[in-house]
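What follows is a structure written as structure tokens; I'll ask about it next.
The values are calculated or read from the model by the stated rules, or taken from the named source; none is laboratory data. From a predicted model like this one, the values you see are computed outputs, not experimental measurements. We place every Cβ from the backbone using ideal geometry, glycine too, and count neighbours over all the protein chains shown. Only protein heavy atoms, including side chains, enter the accessible area calculation; ligands, DNA and RNA are left aside. Shrake-Rupley method; radii C 1.70, N 1.55, O 1.52, S 1.80 Å.
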Amino acid sequence: MEFLDDGNYELREIQTLEGHTDRVWSLAWKPTAGVDGVAPVFASCSGDKTVRIWEQSASSRSWNCKAVLEEMHTRTVRSCAWSPSGKLLATASFDATTCIWEDVGGDYECVATLEGHENEVKSVSWNASGTLLATCGRDKSVWIWEVMPGNEFECVSVLQGHAQDVKMVQWHPTMDVLFSCSYDNTIKVWWAEDTDSDNWHCVQTISESNKYYTPTFLSIGHSSTIWALSFNAKGDKLVSCSDDLTIKIWGADITRMQSGDGYASWRHLCTISGYHDRTIFSVHWSREGIIASGAADDSVQFFVESKDDLIDGPSYKMLLKKEKAHDMDVNSVQWSPGERRLLASASDDGMIKIWELANTL
């Protein structure tokens, strides 16, 4: 295994993108872009009720806004996510709807509006095959929608279990297992044992009450709102971030699950603390194992697995810290799926920044 802590890294600011007139909440890179000669593309969504599509020019390498999706949402657009094919973009809004946009030769048409949540929709996520969409909201519920022919979406399950506002939904990268995190300080794992059934249920709740005894009594779960989740490339590790100022790493035996041998529980592997001093809003794991985090302390930080202390399980160390990455809260950090180590960050300051994490050796 290559350990990334062997190198010296610097974070280079490539470009600041202006255009949104309110805070930028979330970013999503188009999964089919940025590879094999296709220009990188990402979407951003904002309190200004719009979604913007950004693309890098092949000639100048500069980033430009290619489209503004507007007039569909009547309140803040909180979350956006591309389907695996890159053909559809889902946007979740405080107006209680989720819009589905289709990319038709660079023009984006709203082809479906999903209704049902009582109030603000906070997050949207596609499963790996693009056959299911999950949404969650302030109404404490998680909805699973099946993608039908002709851009039709059918709600197949409404999952109740969280006691508070659900901040994020995230599908596992290889299996139809859904994760949600909430203002109630828990992560819930949802699973339907029979893939053809709509019998989704909560198979695990990761909370502060999951504790174990050591010479010093250790709490495992988060003690405050959990804002975001992200998986490593293999899908056997999960990272979460919280208002409790910690980042936690969880692991599971996914080989067992993939072989059809029942559900394998996620267990606590490591807690990263003492770095951010205000709420951590976003974490994202790069395909090569670098965790980026963004927080209300205006900084962006990077963590990697350390080659030390492997006897007691993995430990993580800071690779780099960028103080004042933005002038206000950093709401979202997202790695590009392309070959370069590009990271996009979004902030309450209305700006989006594109960074490159470069090895100086």
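What percent does the relative contact order of the stretch 203-361 come to when contacts are Cα pairs within less than 8 Å and at least six residues apart?
14 percent
Hey, another quick one. In debye, nearest 20: dipole of the stretch 55-140 around its Cα centre with unit charges on the Cβ of K, R (+) and D, E (-)?
The dipole of the stretch 55-140 has a size of about 400 debye.
Let me ask another. Charges on Cβ only, +1 for Lys and Arg, -1 for Asp and Glu, centred on the Cα centroid of the stretch 301-361; of ALA325, GLY313, SER336, which one is farthest towards the dipole's positive end?
Toward the positive end, the furthest listed residue is SER336.
So if each residue of separation counts as 0.36 nm, and I subtract the Cα-Cα distance between GLU154 and CYS110, what length gain in nm does that give?
On the way: separation 44, 0.36 × 44 = 15.84 nm, distance 1.67 nm.
Between GLU154 and CYS110, full extension yields an extra 14.2 nm.
For THR21 paired with ALA358, estimate the spin-label separation in nm (one decimal), with each label point 7 Å from Cα along the Cα-to-Cβ line.
3.6 nm
Another question, then. What aspartates and glutamates does LYS322 reach when the alpha-carbon gap must be under 18 Å and sequence neighbours fewer than 8 apart in one chain are set aside?
Output for LYS322: ASP5, GLU10, GLU13, ASP277, ASP297, ASP298, ASP348, ASP349, GLU356.
Using +1 at the Cβ of each Lys and Arg and -1 at the Cβ of each Asp and Glu in the stretch 79-210, identify which of GLY150, VAL189, GLN160 lies farthest towards the dipole's positive end.
Positive-most Cα among the choices belongs to VAL189.
Still on this structure: Compute, for the stretch 237-308, the length of the dipole vector about the Cα centre, with Cβ point charges of +1 (Lys, Arg) and -1 (Asp, Glu) only. Units Debye, rounded to 20.
260 debye
Once you charge only the Cβ atoms, +1 for Lys and Arg and -1 for Asp and Glu, what is the size of the charge dipole of the chain about its Cα centre, to the nearest 20 debye?
On the way: 31 positive and 52 negative charges, 127 e Å.
Roughly 600 debye, rounded to the nearest 20.
What does the charge count near GLY294 come to, summing +1 for each Lys or Arg and -1 for each Asp or Glu among other residues with Cβ under 15 Å from its Cβ?
Working: positive: ARG23, LYS167, ARG278, LYS321, LYS322, LYS324, LYS353; negative: GLU13, ASP243, ASP277, ASP297, ASP298, GLU323, ASP327, ASP329, ASP348, ASP349.
Local charge sum for GLY294: -3.
Excluding residues fewer than 8 places away in the same chain, name every one of the aspartates and glutamates whose C-alpha is closer than 15 Å to that of LYS122.
Here the aspartates and glutamates satisfying the reach criterion relative to LYS122 are ASP95, ASP139, ASP165, ASP184.
May I ask you to derive the relative contact order of the chain, considering only C-alpha pairs under 8 Å and at least 6 residues apart, and to give it as an integer percent?
Normalised by residue count, the contact order of the chain is 16 percent.
Considering every pair of different Cα atoms, what Kirkwood radius, in Å, is found for the chain?
So the Kirkwood estimate lands at 20.6 Å.
Roughly how many Å is it from the Cα centre of the stretch 298-349 to that of the stretch 137-197, as a whole number?
So the two Cα centres are separated by 27 Å.
Ignoring ligands, DNA and RNA, please state the percent of accessible area on the chain from carbon and sulfur, probe 1.4 Å.
After summing per-atom areas, the C and S share lands at 43 percent.
Measuring from label point to label point, each 7 Å out along Cα→Cβ, what is the GLU102 to THR255 span in nm?
Between GLU102 and THR255, the simple spin-label model gives 4.3 nm.
Same structure again: Compute the accessible area per residue over the stretch 145-302, keeping the other protein chains in place, probe 1.4 Å, unit Å².
Dividing the accessible area of the stretch 145-302 by its residue count gives 41 Å².
Would you list, by chain and number, the lysines whose Cα falls below 19 Å from the Cα of LYS324, excluding same-chain residues fewer than 8 positions away?
In chain and number order, the partners are LYS353.
Taking R0 as 30 Å, what FRET efficiency do you get between LEU320 and SER60 from their Cβ-Cβ distance, rounded to the nearest 0.05?
Efficiency computed from Cβ-Cβ geometry: 0.65.
Oh, and also: Among 76-86, 50-60, 253-263, 123-133, how do they line up from the highest to the lowest mean number of other beta-carbon atoms within 10 Å? Don't jump to the answer; show the numbers that get you there.
Details: 76-86: 21.8, 50-60: 17.0, 253-263: 12.5, 123-133: 20.1.
Ranked by mean Cβ neighbours within 10 Å, highest first: 76-86, 123-133, 50-60, 253-263.
Whole Å is fine, so just give me how far the alpha carbon centre of the stretch 75-96 lies from that of the stretch 16-65.
Cα centroid to Cα centroid, the span is 14 Å.
Please sort 335-341, 100-106 by packing, taking for each peptide the average over its residues of neighbouring beta carbons within 10 angstrom, highest first. Don't skip to the end; give the middle numbers.
Working: 335-341: 17.3, 100-106: 15.0.
The packing order, highest mean first, is 335-341, 100-106.
Then there is this: Counting Lys and Arg as +1 and Asp and Glu as -1, what is the net charge of the other residues whose Cβ lies under 12 Å from the Cβ of TRP355?
Charge balance near TRP355 sits at +2.
Could you tell me which residue out of GLY260, VAL124, ILE226 lies farthest along the dipole of the chain toward its positive end? Charges go on the beta carbon: Lys and Arg +1, Asp and Glu -1, centred on the Cα centre.
ILE226
Still on this structure: How high is the relative contact order of the stretch 285-361, given as a whole-number percent (alpha carbon pairs under 8 Å, six or more residues apart)?
Value for the stretch 285-361: 24 percent.
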